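Worksheet for the structure shown next.
The values are calculated or read from the model by the stated rules, or taken from the named source; none is laboratory data. Owing to the predicted nature of the structure, the values given are computational and were not obtained by experimental measurement. Methodologically, a virtual Cβ is constructed for each residue, glycine included, from the backbone with ideal geometry; neighbour enumeration extends over all protein chains shown. Just the protein is used for accessible areas: all its heavy atoms, side chains included, with ligands, DNA and RNA removed. Shrake-Rupley method; radii C 1.70, N 1.55, O 1.52, S 1.80 Å.
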Amino acid sequence: MSCLYNFEVDRIINEVSSRNAKRILLQFPDGMKNYALSIAREIKSKLKFVDVFISADPCYGGCDLAIDEALRFNVDLIIHFGHSPYPIRELNRIRIPVIYVPAFSNLSIRRAVENAIRIFNEKKFGVIGLLSTIQHVHKIDEAKEILENNGFRVIVGRKCGKVSFDGQILGCDVCSALSIIDDVDAFLVLAGGDFHALGVALSTNKPVFVADPFRGECRDISNLVKKTLSLRWYSIVRASEANIFGIVVGAKPGQAKVDVALKAKEYILSKGRECYLIIAREITPEVLLPFHDIDAFVIIACPRIVIDDSIRFRKPILTFGELKIALEGVGDNSNLSSYLRVDLIGN
């Protein structure tokens, strides 16, 4: 299959055949769903006895497995594209095997990294921390070589937290960046967007740049960081005046942190405020709109919902770390990044 990604269809076919699976479920992030029919068609051409289902629901990460659907339709195997394996305790109980296909990109990184070199020379950075999303992580060694051949010292983030590769970062886990935070002048993230790099910038307070293989360019995201921190601080100030809180617990397998939700409940009650526990699979403005009496929401799910989508909600939404700032009070927003750091590596 000729496309931007390596979907490893031959490996999938071998896995399905060797497991004697009769019914499989394909799951894609939204940016890859346009390839779903082609992949299903190729699988069915080789394995005519297999029923292939495609999940049409949104998928945001390796934590977001379609387990409920797999159970309901008696699926023998989940094939999850675009992410690396994610530690989900629920899988041990339900015993549905999952094959993660990272879908490595076929794009060249050279032009984007060479554009980064020009910027780093202008800013006189000497030591670069190198990171990547899963789609480009197989190109980290190549990027490192290009940078080193141009006089930079390069340190690749160490594998830690929930990732599978050295240098890899997730939207909710930037442990790889934190592992080298004291050793670098700036970070370069191989990625097709600013989503992952923003998490690095918020968590490290270091200059962060995106080497985008899709556009062949390098971007400075400092303005995006400033805008994001301003919005977060605005939500915190509004929430500090709230009397009634909704604690929204994510129902997705890798996000159902009930223990954290109960800690938030006890904390809110200890501050003399009122709160209610709410469960939601898709946390959107429309889902929370009916809860008119609630003044602010604490999102106990993916922390990126709060960081990236808060402007869409009518009421302030917070992470657990931001809740503590709102109810304890601080003089300014100088500690905000440190609280975001805690949330982005999992609290």
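Some values worked out for this structure:
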| item | result |
| --- | --- |
| Estimated FRET transfer efficiency (Glu217, Leu289; beta-carbon r; R0 51 Å; 0.05) | 0.85 |
| Estimated distance in nm for a label pair at Glu69 and Glu148, the labels positioned 7 Å out from Cα along Cα-to-Cβ | 4.3 nm |
| Spin-label pair Ser45/Arg11, simplified geometry with 7 Å Cα→Cβ offset, distance in nm | 2.1 nm |
| Dipole of the chain [Lys/Arg +1, Asp/Glu -1 at C-beta], most positive-end residue of Ala70, Ile221, Phe195 | Ala70 |
| The chain, dipole about Cα centre (Lys/Arg Cβ +1, Asp/Glu Cβ -1), debye to the nearest 20 | 400 debye |
| Cut-off 17 Å (backbone N to label point 7 Å along Cα→Cβ of Asp309), residues of region 209-249 | 232, 246-249 |
| Structure-derived semi-axes √(5λ) of the Cα gyration tensor in Å - corresponding label in (i) 34, 31, 15; (ii) 37, 20, 20; (iii) 51, 18, 15 | (i) |
| Long-range amide H partners of Ala296 with built H, under 5 Å | Ile244, Gly246 |
| Chain lengthening between Ser108 and Glu328 when straightened (0.36 nm per residue, less Cα-Cα) | 74.4 nm |
| In Å, descending, principal axis extents of the Cα set of region 129-199 | 32, 25, 20 |
| Sites Phe195 and Ile244 - FRET efficiency at Förster radius 35 Å, r taken between beta-carbons, to 0.05 | 0.65 |
| Placed amide H near Gly129: partners under 5 Å, 5+ positions off or other chain | Ile155, Asp185, Ala186, Phe187, Leu188 |
| Estimated FRET transfer efficiency (Asp30, Arg273; beta-carbon r; R0 41 Å; 0.05) | 0.65 |
| Only Lys, Arg (+1) and Asp, Glu (-1) charged, at Cβ; region 189-274 dipole about Cα centre in debye | 160 debye |
| Solvent exposure of the chain as accessible area per residue, Å², 1.4 Å probe | 46 Å² |
| Accessible area, probe 1.4 Å, largest first, for residues Ser222, Ser108 | Ser108, Ser222 |
| Table column - 3J(HN,Hα) (Hz), region 182-188, Karplus curve with 6.51, -1.76, 1.60, x for Gly and Pro | 7, 10, 10, 8, 7, 10, 10 |
| Bridge type composition, the chain - antiparallel percent by DSSP, nearest 5 | 15 percent |
| Relative packing of 250-260, 310-320, 286-296, 34-44, which averages over residues the other C-beta atoms within 10 Å, highest first | 310-320, 250-260, 34-44, 286-296 |
| Of Lys159/Lys257; Lys226/Lys252; Lys206/Lys227; Lys124/Lys206; Lys226/Lys263, those spanning more than 20 Å from alpha-carbon to alpha-carbon | Lys159/Lys257; Lys226/Lys252; Lys226/Lys263 |
| Local electrostatic count at Ala40 - Lys and Arg +1, Asp and Glu -1, tallied over other residues with Cβ under 14 Å | +4 |
| Relative frequency of Cα-Cα separations exceeding 26 Å in region 174-293, percent | 42 percent |
